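Structure first, then comments.
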Amino acid sequence: MDSPIPDYLEQILSNVWDDTDGEVADYIPELAETDPSYLGAALCTTTGHLYSTGDCTVPFSIQSISKPFVYALALEEYGLDKVREIVGMEPSGEAFNELSLNRYDNRPVNPMINAGAIAVTQLINGVDSSVEDRVECIRAYFSQMAGRELRIVESVCESELGSTDRNYSLAHMLRNYDIISDEAHDAVATYVNQCAIEVTTEDLAVMAATLANGGKQPVTREKILSTQVCRQTLAVMSSAGMYDGAGRWMAAVGIPAKSGVSGGLIGCLPGQLGVATYSPRLNEEGNSVRGVRAFELLSNDMGLHLMSTEDRYNVHSIRNVEDTADATVIHLQGVLNFNAAESILYQLADYEWDRRRVVLDVSRVTETNRMGWKMMKEGLRRLREAGKDIAVVDPDDNLTNRTLSDGTEVPVRDEDPAEN
Ligand code: GLN
């Protein structure tokens, strides 16, 4: 059976195909000469399945989509406190090349605009790194994220360097405020190289899925970034990834995202998937016109909006409660997070316990988070305090920590309690 997902993506693209609004970026010939009709989309799940359609293997320079990835690398190398010393995390509400500096300490307001990205880039590979080594470090890391060797398009670099006075001025200002110590020309050279790394829509979907997957590349299974770094990066993308269109984007699409001047666009749905589109014509904010529309359609149709209360399915966490000869057995199912634990404990609060033993069967629990399990353990401890013998059934050893708040352990009961 062929998967219907590429056909679905194609349908989404066919809905936006006719839209010729917007202009291709024309500040360098490499972008000005791009075929404006290119249209591609790709989706990569956090389980590592990649689906794509249209011009999804056409190469283009990554441009500003490099920014969240380099920010993540800096966070990985230095930690949030150090990175926060040189760049903030507030949306600027201004264009990408605006000199948006915090009025109190002159730090760029966020890493998704050029000033912030130039500052962050200077951290990579150590502050004393040469431009060459720093660029190579970024290229190698982007390759790990994409799962294949990526290259830098020299002609894009050269053209950019010839028309990047505004970025030079940003770098000079950053030097003036001691945010960077590199020469302004070196700082911009690194940044321009990072923007000139060549990717396809498919690469971007996989890279986005790596951020959505807490830093583990879903195809190669390589752990590249920590989950905390990814959370921080996605948070900043959600408020600042779409420049001055960021607020409207979050309202209409509701997915942390980043756009680039070559027409690429990525979205990361935490824990689920990475999506990328490519269409070179841009709106006034510098975001791909058809990319934005395709994302709006995808988000609404697939129920991806993070702020939506629709499509949030909660299974009943208690599968059933069974009284066996000597025990009351509570069979749980699904995900055991705080919400699930709350509902279980709420239901059990009024239960008439006829048996001396209470057994919690977690064999059908698919996922347990720290808070959910902590609450359940406390519920068990209170049952014991009330005079019950407590135990868990956990045939797959999913409960890594069975220590209760009083220091004792919940005993494990091996046999299938239903058969007693
Ligand atoms: N190279 C471009 C610049 O810095 C990238 C900008 C973008 O993609 N928005 O001007």
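So here's what we get for this one:
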item	result
Test set (1) within 23 Å of SER288 (Cα to Cα); (2) within 16 Å of the ligand (Cβ to nearest atom); (3) not small (Gly, Ala, Ser) - VAL87 fails condition number	(1)
Among (1) surrounded by 24 or more Cβ atoms within 10 Å (Cβ to Cβ); (2) under 24 Å from SER52 (Cβ atoms) - the single one LEU170 does not satisfy	(2)
Count of residues meeting criterion [under 17 Å from CYS230 (Cβ atoms) and within 16 Å of the ligand (Cβ to nearest atom)] in the stretch 64-84	7
The stretch 160-192, residues that are more than 15 Å from ILE113 (Cβ to Cβ), within 10 Å of the ligand (Cβ to nearest atom) and within 27 Å of the chain's Cα centre (by Cα)	VAL192
Flag if GLY147 is closer than 22 Å to TYR27 by Cα, within 23 Å of the chain's Cα centre (by Cα) and surrounded by 14 or more Cβ atoms within 10 Å (Cβ to Cβ)	no
From the options ASN320, ASN287, residue that is of a type in the set (S, T, N, Q) and within 16 Å of the ligand (Cβ to nearest atom)	ASN287
Selection count where residues are touching a residue at least 60 places away in the same chain (Cβ under 8 Å), under 12 Å from THR277 (Cα atoms) and not small (Gly, Ala, Ser), scope the stretch 10-43	6
Matching residues in the stretch 258-283 - criterion: being under 21 Å from PRO6 (Cα atoms) and among the hydrophobic types (A, V, I, L, M, F, W, C)	LEU265, ILE266, CYS268, LEU269, LEU273, VAL275, ALA276
Flag for VAL16 being of a type in the set (A, V, I, L, M, F, W, C) and away from the ligand (no atom under 16 Å from the Cβ)	yes
Exclusive hit being out of contact with any helix residue (DSSP H, G or I) (no Cβ under 7 Å at 6 or more places or on another chain), of a type in the set (Val, Ile, Thr) and not in a strand (DSSP E or B), set VAL321, VAL335, VAL315	VAL315
Top-ranked residue in the stretch 28-47 [being part of a loop (DSSP other than H, G, I, E, B) and at pLDDT 95 or above; ranked as nearest to VAL292 (Cα to Cα)]	LEU39
For VAL156: the one exception among (1) out of contact with any Lys or Arg (no Cβ under 8 Å at 6 or more places or on another chain); (2) at pLDDT 95 or above; (3) buried (at least 18 other Cβ atoms within 10 Å of the Cβ); (4) farther than 24 Å from THR200 by Cα	(4)
Test: residue in the stretch 26-37 that is surrounded by 18 or more Cβ atoms within 10 Å (Cβ to Cβ) and touching an Asp or Glu at 6+ places or on another chain (Cβ under 9 Å)	yes
Residue satisfying condition, being surrounded by fewer than 22 Cβ atoms within 10 Å (Cβ to Cβ) and in contact with a Cys (Cβ under 6 Å, 6 or more places away or on another chain), within set GLY214, GLY247	GLY214
Test: residue in the stretch 44-59 that is more than 16 Å from the ligand (Cβ to nearest atom), buried (at least 20 other Cβ atoms within 10 Å of the Cβ), closer than 28 Å to TYR177 by Cβ and not polar (S, T, N, Q)	no
In the stretch 100-119, the residues that are within 25 Å of THR201 (Cβ to Cβ) and assigned to a helix (DSSP H, G or I)	ASN114, ALA117
Every residue from the stretch 358-391 that is crowded, with 19+ Cβ neighbours inside 10 Å and assigned to a strand (DSSP E or B)	VAL358, VAL359, LEU360, ASP361, VAL362, VAL365, THR368, ILE390, ALA391
Filter result (surrounded by fewer than 20 Cβ atoms within 10 Å (Cβ to Cβ), under 19 Å from SER169 (Cβ atoms) and not basic (Lys, Arg)) within the stretch 83-130	GLU94, ALA95, ASN97, GLU98, LEU99, ASN102, ASN106
Close pairs from the stretch 171-197: first among the aromatic types (Phe, Trp, Tyr), partner assigned to a loop (DSSP other than H, G, I, E, B), Cβ under 9 Å, at least 6 apart	TYR177/ASP105; TYR177/ASN106; TYR177/ARG107; TYR191/GLN122; TYR191/THR164
Test set (1) in a loop (DSSP other than H, G, I, E, B); (2) of a type outside the set (S, T, N, Q); (3) within 15 Å of CYS195 (Cβ to Cβ) - ILE65 fails condition number	(1)
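Rundown of residues vs (1) within 16 Å of the ligand (Cβ to nearest atom); (2) polar (S, T, N, Q); (3) touching a helix residue (DSSP H, G or I) at 6+ places or on another chain (Cβ under 6 Å), yes/no style:
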site: ALA196; (1), (2), (3): yes, no, yes
site: VAL199; (1), (2), (3): yes, no, no
site: ASN213; (1), (2), (3): no, yes, no
site: THR233; (1), (2), (3): no, yes, yes
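The values are calculated or read from the model by the stated rules, or taken from the named source; none is laboratory data. What you see is a predicted model, and the numbers here were worked out from it, not measured in a lab. Here Cβ is always computed from backbone atoms with ideal geometry, including for glycine, and neighbour counts include all displayed protein chains.
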